[in-house]
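**Q** Got a structure for you, questions after.
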Amino acid sequence: MITATSQDIPTIIKILAPAFVNNRSVNRCVKQDGKRLQRIENQIAYVSRISIRNQQAFLNSDKTGAVLCSQSNRKKASIWDDLFYVFKVSGLRMGFQLMKREKLIKQFHPQIPYCHLWFIGVDASLQGQGIGSKLLAEIMGLCNKQKLPIYLETSTLANLHFYNRSGFELYKQIKLPMDDFDLYFFRWMPV
């Protein structure tokens, strides 16, 4: 696994955008208009920049799988990042709704430092070959060394088995007031 740099953002987008194009949670955050696919790519670029800035963006060695994380005790988005998000991803009206949504989600996260797993994905032609499992295991190894738990949310039912078999615990399932789907909260604790 290698640490991604800003030059890797196009590769990260190429890997992750197709994997999340039908993701309900991602689409909840993206303005639904004729630019939806570009907005999903912009959302991944936004998360990539924050993850890269904090050295929490990773690719496998052949650059066919990507992981974007953040640590709760590190700097988040800058004002420029947030402006980019509002104008290129969500739109202004939805941006305010998303701030409320994010606040609700964060109430289910711990007050101690943790790693938040934002995105993990593999090139569509290579899915099912264990690449994602290997990337996740490497992130878990890094977090184990730092004694950081990992928290994540997913809205994709197919992901539930993936996280369960990887050692994650489902600790909350909720339908947020602004969503029309359940959000599943997982955590993994270091040993």
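**Q** Restricting to strands (runs of 3 or more DSSP E) lying wholly in region 86-174: which have 1 or more residues that are touching a residue at least 12 places away in the same chain (Cβ under 8 Å), aromatic (Phe, Trp, Tyr) and open to solvent by 40 Å² or more (accessible area, probe 1.4 Å)?
**A** Numbers: elements: 115-122, 150-154, 169-174.
By residue number, 115-122, 169-174.
**Q** Follow-up. Could you check, for region 28-41, whether at least one of its residues is touching a residue at least 12 places away in the same chain (Cβ under 8 Å), touching a Leu at 6+ places or on another chain (Cβ under 8 Å), within 21 Å of Gln127 (Cβ to Cβ) and open to solvent by less than 40 Å² (accessible area, probe 1.4 Å)?
**A** Checked region 28-41: no residue is touching a residue at least 12 places away in the same chain (Cβ under 8 Å), touching a Leu at 6+ places or on another chain (Cβ under 8 Å), within 21 Å of Gln127 (Cβ to Cβ) and open to solvent by less than 40 Å² (accessible area, probe 1.4 Å).
**Q** Against the condition crowded, with 20+ Cβ neighbours inside 10 Å and either over 15 Å from Leu117 (Cα atoms) or in contact with a Pro (Cβ under 6 Å, 6 or more places away or on another chain) (or both), how does Val47 come out, does it pass? So that I can check it myself, show each step before the final result.
**A** Values: crowded, with 20+ Cβ neighbours inside 10 Å: yes; either over 15 Å from Leu117 (Cα atoms) or in contact with a Pro (Cβ under 6 Å, 6 or more places away or on another chain) (or both): no.
So Val47 does not fit the description; no.
**Q** Within region 4-20, can you find the residues that are over 16 Å from Trp118 (Cβ atoms) and outside any helix (DSSP H, G or I)?
**A** Quick first cut of region 4-20, residues over 16 Å from Trp118 (Cβ atoms) only: 5-7, 10-11, 14, 18.
Correct list: Thr5 only.
**Q** Given the criteria open to solvent by 90 Å² or more (accessible area, probe 1.4 Å) and either within 25 Å of Ser133 (Cβ to Cβ) or at pLDDT 95 or above (or both), does Ser61 qualify?
**A** On the way: open to solvent by 90 Å² or more (accessible area, probe 1.4 Å): yes; either within 25 Å of Ser133 (Cβ to Cβ) or at pLDDT 95 or above (or both): yes.
Taking the combined requirement at face value, the residue satisfies it.
**Q** Restricting attention to region 70-85, and to residues there that are open to solvent by less than 50 Å² (accessible area, probe 1.4 Å) and touching a residue at least 12 places away in the same chain (Cβ under 8 Å), which single residue is nearest to the chain's Cα centre (by Cα)?
**A** Here is the first cut: in region 70-85, the residues open to solvent by less than 50 Å² (accessible area, probe 1.4 Å) are 70-72, 77-78, 81, 85.
Still in the running and touching a residue at least 12 places away in the same chain (Cβ under 8 Å): 70-72, 77, 81, 85.
Numbers: Ser70: 9, Gln71: 12, Ser72: 13, Ala77: 14, Asp81: 16, Tyr85: 15 Å.
That would be Ser70.
**Q** Among the residues of region 175-191 satisfying the criterion of being part of a strand (DSSP E or B) and more than 20 Å from Phe20 (Cα to Cα), which is farthest from the chain's Cα centre (by Cα)? Break it down into steps so the answer makes sense when it comes.
**A** Restricting attention to region 175-191, the residues satisfying the condition of being part of a strand (DSSP E or B) are 183-188.
From what is left, the residues that are more than 20 Å from Phe20 (Cα to Cα) are 187-188.
Numbers: Arg187: 14, Trp188: 15 Å.
Only one residue fits best here, namely Trp188.
**Q** Another question about this same structure. Being within 25 Å of His109 (Cβ to Cβ) and not in a helix (DSSP H, G or I) is the filter here, so list the residues in region 24-64 that pass it.
**A** Those that are within 25 Å of His109 (Cβ to Cβ) and not in a helix (DSSP H, G or I): Val30, Asn54, Gln55, Gln56, Ala57, Phe58.
**Q** Just a yes or no: is a residue in region 67-84 touching a Lys or Arg at 6+ places or on another chain (Cβ under 8 Å), farther than 26 Å from Leu157 by Cα and part of a helix (DSSP H, G or I)?
**A** Kept after step one, since they are touching a Lys or Arg at 6+ places or on another chain (Cβ under 8 Å), are these residues of region 67-84: 70, 75, 81.
Restricting the remaining residues to those that are farther than 26 Å from Leu157 by Cα gives 75, 81.
Next, from what is left, pick out any that are part of a helix (DSSP H, G or I): 81.
Scanning region 67-84 turns up at least one residue that is touching a Lys or Arg at 6+ places or on another chain (Cβ under 8 Å), farther than 26 Å from Leu157 by Cα and part of a helix (DSSP H, G or I).
**Q** Can you tell me which condition Leu126 does not meet? The list is (1) under 15 Å from the mean Cα position of the chain (by Cα); (2) within 23 Å of Gly65 (Cα to Cα), and all the others hold.
**A** Result: Leu126 passes all but (1).
The values are calculated or read from the model by the stated rules, or taken from the named source; none is laboratory data. Remember, it's a predicted structure, so these values are computed and weren't measured experimentally. Quick reminder, even Gly has a Cβ in these numbers, built from the backbone with ideal geometry, and neighbours come from all protein chains shown. These area figures cover heavy atoms from the full protein model, side chains too; ligands, DNA and RNA do not enter into them. Shrake-Rupley method; radii C 1.70, N 1.55, O 1.52, S 1.80 Å.
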